[in-house]
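Peer 1: Got a structure here, written out as structure tokens. Questions coming.
The values are calculated or read from the model by the stated rules, or taken from the named source; none is laboratory data. This one's a predicted model, so the numbers in the text were calculated from it and none came from an experiment. Counting neighbours? That spans all protein chains shown, and the Cβs are built from the backbone with ideal geometry, glycine included.
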């Protein structure tokens, strides 16, 4: 199982597309938040996502997204498929998955310069963010979710400061390296 870690706009979802093309089933941890936002009948906005994300963590603890998505991960693995997690956030989520999977869990950290993340997140069609919203989210996730821990201890670190093709090639190379090390 490979989990993608990085700040918003770093390229995790784009890397997830590569993993999907390589035969991985992608489980989007942020999907737990979006599902709950919709279940509550709320509009999908950065503010509503933040509110729901924080509420889910109050209910389930810091490993909330892993707890909520673990049945899906286990179902996919039971079918014999390889799993990729898009958006592991907290160190508690990492610990829960590591407890279940041991050294079979590999992390790919994707790093992108802040100015480029601002451009990408402002231009995205779904849920665009302003620089202020990005900074608020970054600071909250680093300070309150311990998001930096999984990024720091990743097995592979990729810089995504070029085009999508370059990222795709780097992800493919990283996956080949990780699969050969298991």
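Peer 1: How many of the residues making up segment 6-53 are in a loop (DSSP other than H, G, I, E, B) and within 21 Å of residue 73 (Cα to Cα)?
Peer 2: Counting residues in segment 6-53 that are in a loop (DSSP other than H, G, I, E, B) and within 21 Å of residue 73 (Cα to Cα) gives 4.
Peer 1: Now a separate question. Please determine whether any residue of segment 76-87 is in contact (Cβ under 8 Å) with a residue 12 or more places away in the chain and in a helix (DSSP H, G or I).
Peer 2: yes
Here's the yes/no breakdown for (1) over 18 Å from the mean Cα position of the chain (by Cα); (2) more than 16 Å from residue 5 (Cα to Cα); (3) surrounded by 19 or more Cβ atoms within 10 Å (Cβ to Cβ):
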residue	(1), (2), (3)
71	no, yes, no
78	yes, yes, no
87	no, no, yes
93	no, no, yes
97	no, no, yes
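Peer 1: Which ones in segment 124-161 are within 19 Å of residue 14 (Cα to Cα), in contact with a helix residue (DSSP H, G or I) (Cβ under 9 Å, 6 or more places away or on another chain), modelled with pLDDT of 95 or more and in a loop (DSSP other than H, G, I, E, B)?
Peer 2: If the condition is that a residue be within 19 Å of residue 14 (Cα to Cα), in contact with a helix residue (DSSP H, G or I) (Cβ under 9 Å, 6 or more places away or on another chain), modelled with pLDDT of 95 or more and in a loop (DSSP other than H, G, I, E, B), then 155, 160, 161 are the ones that fit.
Peer 1: Right, next: Is it the case that segment 27-38 has a residue that's surrounded by fewer than 17 Cβ atoms within 10 Å (Cβ to Cβ) and more than 25 Å from residue 112 (Cβ to Cβ)?
Peer 2: yes
Peer 1: Here's something else I'd like to know. Tell me yes or no: at least one residue of segment 168-182 is more than 14 Å from residue 8 (Cβ to Cβ), assigned to a loop (DSSP other than H, G, I, E, B) and modelled with pLDDT of 95 or more.
Peer 2: no
Peer 1: Out of (1) assigned to a helix (DSSP H, G or I); (2) closer than 28 Å to residue 120 by Cα, the odd one out for residue 72 is which?
Peer 2: The number of the failed condition is (2).
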